[in-house]
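The values are calculated or read from the model by the stated rules, or taken from the named source; none is laboratory data. All values derive from a computational prediction rather than experimental measurement. Ideal geometry is used to build each Cβ from the backbone, glycine not excepted, and the neighbour counts take in all protein chains shown. Remember, those area values only see protein heavy atoms, side chains included, never the ligands or the DNA or RNA. Shrake-Rupley method; radii C 1.70, N 1.55, O 1.52, S 1.80 Å.
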Amino acid sequence: MDFTLTDEHRMVQYMVREFAQREVAPIIKEYDRKQDMAPFILPRMAELGILGISLPVRYGGQGMDYIALGLACEELEAVDSTLRVIMSVHFGLNSMALLQWGTEAQKEKFLAPQARGEKIACLGLTESGAGSDVAAIASTAKKDGEKYILNGEKMWISLATKGDHALIVARTNPDAPDPHDGLSAFILEMDRDGVTTGDIHGKLGVRAGSTGWIAFQDVEIPLENRLGEEGEGFKIAMSCLDNGRYTVAAGATGLIRASMEASIKYAHERQAFGREIGKFQLVQQKIAHMVQSYESARLLYLRAGWMKNEGMRNTRETSLAKWFATDASFEAASEAIQIHGAYGYSDEYEVERYLRNAKGGVIYEGTSEIHQLMQAGYALEYREDVPLRCELPAYDAESWQIEK
Amino acid sequence: MKIVVCVKQVPDTAAKVVVENGQVTWGDAPLVINPWDEYAVETALLQEEEHGGEVTVISVGGEDAKEALKHALAMGCGNAILVSDPSLKNADSLVTSQVLAAAIQKIGDVDVVFFGKQAIDGDVGVTAAQTARVLGWPSLTLVSEITELDPGSKTISVERSVEEGRQVVSGQLPAVVSVVKDIGEPRYPSFMGIRKASRAEIPMWSIAEVGVEVSEPVVEWPDLFNPPKQEVVTEIVSGGSPQETAETLAEKIIEEKVL
Ligand SMILES: Cc1cc2nc3c(=O)[nH]c(=O)nc-3n(C[C@H](O)[C@H](O)[C@H](O)COP(=O)(O)OP(=O)(O)OC[C@H]3O[C@@H](n4cnc5c(N)ncnc54)[C@H](O)[C@@H]3O)c2cc1C
Ligand SMILES: Cc1cc2nc3c(=O)[nH]c(=O)nc-3n(C[C@H](O)[C@H](O)[C@H](O)COP(=O)(O)OP(=O)(O)OC[C@H]3O[C@@H](n4cnc5c(N)ncnc54)[C@H](O)[C@@H]3O)c2cc1C
């Protein structure tokens, strides 16, 4: 077993870290307070190639492997969760789904501009009445000759107002005996007639990010925009989550690291009862837990990334990594505030933002409860993964890095 | 235009460098490209973009100096060469500059060589000038801006950042240039560069291959010790009004002979 990162991995890590630390860290508090996304973030991530990091060069991507994607997410979220959310939705939930399920024509038309960052992408799954229970989706897509007519509303959609393309899951067959089988997935260009969007303000966290709603009224989408077969929407949505959750797991690992580093620094600086507080065993215990969480979370996501590279099914491992890392990141951020005392409770320091951001991670892409159901389901053999018609392609350096 | 950049592998700025048993050590902290050299690489790449040609990055060091070279490749340099030889273990800047000069000669037809202003480990800051001297080329150190570079007429004009201010200097190519921060923020490695760098086979030249007879090091480090621990006392100056606080602070500063 080889735990070393390659030169390529380390250079990616360095590059993404430099970007996040040098360009975003100095301004993030300002935008978090304003509840706005800094306008330079998306174009800059596009320009640097981060938005297409782990996609074949022939589709406009950068040809890196899935481990590099994880490492990038860790670095991004070590500065702010909103940076990683971009990767989760644009890359993990949308672009990777196009790579997995898209036809060659869809990859040319939609994936390539997304990989180059010319088009921003998001996923519209959740509705006001359908969160954890995806099969409760009420949005409809009615087939009408050579097109579908889309109606309904998606809620809590990251990048809703920034996206050019959205992957939308809607009901095509209201009469399907099993409601899971009545769903289909569509690639929606957001400039189509009848699409409206808006941002949600007053969120607890990811305030420097964009979360909103997308409403469709009689929106016409051509047949060729359907991703996968009719009735495959639920399976596609779940496969999207296998990829999105991987980025969330890696990102939450970065958030643990940020909480840990801030705590270690403060524990050295702060004096109480005549010594630095790091000398107190109760403070040490908190730091020890952070170290434990960080290293465990990292191993879990790297394993999931390795499985993706190898083309192995990783639903169970990715869910475990996501559940563990997000729960641990919330705990780490909370303890980081504790170590900072009253100062941690104020936005003079970074740690209160970490806590607010960490709370999102235990809700989106499967709440912690849902992941527990999944893990128990696998352990008790109530649950089993069946092979998909289209699996996520394994990583292949040769063919991924070849220029067109 | 043929451009060479010289880079060094050094301990990370965040590394804790200490003396242990008479030896400098930084534990297992990672080695990185000397931060000043990133500015040199940036300058070289900008010149290449403007005038065409190619950039070769060279380093004198052990096997691990390949990291610095790969970093420069990932930023966009076309070629990299490592000059490595067991006999260079105790090289001082004179020896290093002799080796670099010979490597530059071996590359041949080089128009301009870029250095960072100094390396953050030894902080000697004379390797650029020494290399220029060995080559017999003009030495333009501490350059903050290249105002003109004309490969056709073989001329270069620069601004130097010196203590007194800015100095405008021109010279003939080939020349050796060392740069300071003001030259412009170094770019990050690009993914395309990273792909190239991680596949690159970096050629390694020995002293014999470079064809140089190096002199004995003239600089020795007879004794190494950690700087004495500084006792820092913090005092918060306060007063009834900003005016009063400022006055008290000013008095303290004068009293302590800070100014
Ligand atoms: C910041 C943010 C960004 C988001 N971005 C997106 C996005 O880009 N695209 C998108 O489609 N969605 C997005 N979401 C929505 C997110 O995926 C949902 O919020 C999530 O799936 C949970 O659904 P819900 O909010 O409807 O909660 P509910 O499903 O109503 O759950 C409420 C509570 O009940 C629990 N619960 C539900 N079912 C069970 C069960 N069977 N057993 C035990 N407990 C259960 C849950 O764990 C939770 O604690 C985002 C959400 C947030 C907060
Ligand atoms: C909203 C708010 C309102 C407040 N209101 C008031 C007020 O009205 N009046 C007032 O006087 N103060 C007030 N405070 C201040 C509050 O009482 C202090 O924040 C608290 O006593 C902790 O002190 P500290 O923040 O300096 O943390 P520190 O004492 O510096 O502690 C930092 C960390 O070190 C740990 N630590 C310290 N000593 C030890 C030890 N011996 N062993 C193990 N761990 C140790 C702490 O548990 C903590 O995790 C308020 C604070 C807040 C956040």
For region A:122-234, accessible area per residue (1.4 Å probe, heavy atoms of protein chains only), Å²: 42 Å²
Candidates A:Ser132, A:Ser263, A:Ser239, ranked by Gaussian network fluctuation over chain A, Cα under 10 Å, top entry: A:Ser132
Per-residue HN-Hα couplings for region A:176-189 [Karplus 6.51, -1.76, 1.60; θ = phi - 60°; Hz; x = Gly/Pro]: 4, x, 9, x, 4, 7, x, 9, 9, 10, 9, 8, 10, 7
Could you give me D for region B:108-259, from Stokes-Einstein at 37 °C and 0.692 mPa s, where the hydrodynamic radius is the Kirkwood radius over C-alpha pairs? Units µm² s⁻¹, please. 158 µm²/s
Nearest 10, in degrees from 0 to 90: the angle of helix B:93-107 to the longest Cα principal axis of chain B is 40 degrees
Neighbour net charge for B:Phe191 - beta-carbon separation under 15 angstrom, K R +1, D E -1: +3
Output for region B:33-119: trypsin sites (Lys or Arg not before Pro) sitting in coil per DSSP, at most 15 other Cβ within 10 Å, listed by number, reads B:Lys89
Ranked packing of B:30-40, B:51-61, most packed first, by mean Cβ within 10 Å: B:30-40, B:51-61
Share of region B:2-210's accessible area from carbon and sulfur, percent, 1.4 Å? 48 percent
Enter the mean number of other protein chain beta carbons within 10 Å of the beta carbon of each residue in A:140-148, as an integer. 0
On a 0 to 90° scale, report how tilted helix A:233-269 is relative to the longest principal axis of chain A, with both axes built from alpha carbons and the result rounded to the nearest 10. 10 degrees
What accessible surface, in Å², does a 1.4 Å probe find on A:Lys143, ignoring ligands, DNA and RNA and rounding to the nearest 10? 120 Å²
If one compares the long axis through the Cα atoms of helix A:368-379 with the longest principal axis of the Cα atoms of chain A, the angle in degrees, nearest 10, works out at 80 degrees
Under a 1.4 Å probe, what is the accessible area of region A:7-120 per residue, stated in Å²? 28 Å²
Cleavage-rule hits, chymotrypsin sites (Phe, Trp or Tyr not before Pro), region A:1-45, DSSP coil, Cβ neighbours within 10 Å at most 13: A:Phe3, A:Phe40
Cut-off 11 Å between beta-carbons: net charge of the residues surrounding B:Lys181, Lys and Arg +1, Asp and Glu -1: -3
Accessible area of chain A with a 1.4 Å probe: how many percent of it is carbon plus sulfur? 52 percent
Report the residue, chosen from B:Glu42, B:Glu164, B:Glu247, that carries the largest GNM mean-square fluctuation when chain B is represented by alpha-carbon nodes joined by springs under 10 Å. B:Glu247
Neighbour-limited loop hits for GluC sites (Glu not before Pro), region A:327-400 (at most 14 other Cβ within 10 Å; DSSP other than H, G, I, E, B): A:Glu348, A:Glu381, A:Glu384, A:Glu391
Reported to the nearest 10 Å², A:Leu355 has, with a 1.4 Å probe, an accessible area equal to 40 Å²
Need the per-residue list for region B:177-206: every residue with at least 40 Å² less accessible surface in the complex of protein chains than in the chain by itself, probe 1.4 Å, sorted by number. B:Tyr188, B:Pro189, B:Phe191, B:Ile194, B:Arg195, B:Ser198, B:Arg199
Dipole magnitude of region B:77-220 about its Cα centre, charges +1 at Lys/Arg Cβ and -1 at Asp/Glu Cβ only, in debye to the nearest 20? 480 debye
Interatomic Cα distance distribution for the protein assembly as shown, bins of 10 angstrom, percent: 3, 14, 21, 21, 18, 13, 7, 2, 0
Through the Karplus equation 6.51 cos²θ - 1.76 cosθ + 1.60, θ set to phi - 60°, convert the phi angles of region B:253-258 into ³J(HN,Hα) values in whole Hz; use x for Gly and Pro. 4, 5, 4, 7, 6, 5
Chains B and A, summed buried accessible surface - 1.4 Å probe, Å², nearest 100: 1700 Å²
Can you list the residues of region A:17-42 whose accessible area drops by at least 30 Å² going from the chain on its own to the full set of protein chains, with a 1.4 Å probe? A:Arg22
Please give the per residue accessible area of region A:309-384, computed with a probe of 1.4 Å over protein heavy atoms only, in Å². 48 Å²
Connecting every pair of Cα atoms under 10 Å apart in chain B and solving the GNM, the largest mean-square fluctuation among B:Glu201, B:Glu244, B:Glu220 falls on B:Glu244
Sorted by accessible area with a 1.4 angstrom probe, largest first, how do A:His90, A:His180, A:His289 fall? A:His289, A:His180, A:His90
Amide H contacts under 5 Å for A:Leu55, restricted to residues at least 5 apart in sequence or on another chain and with H modeled in the peptide plane, are A:Gln62, A:Gly63, A:Met64
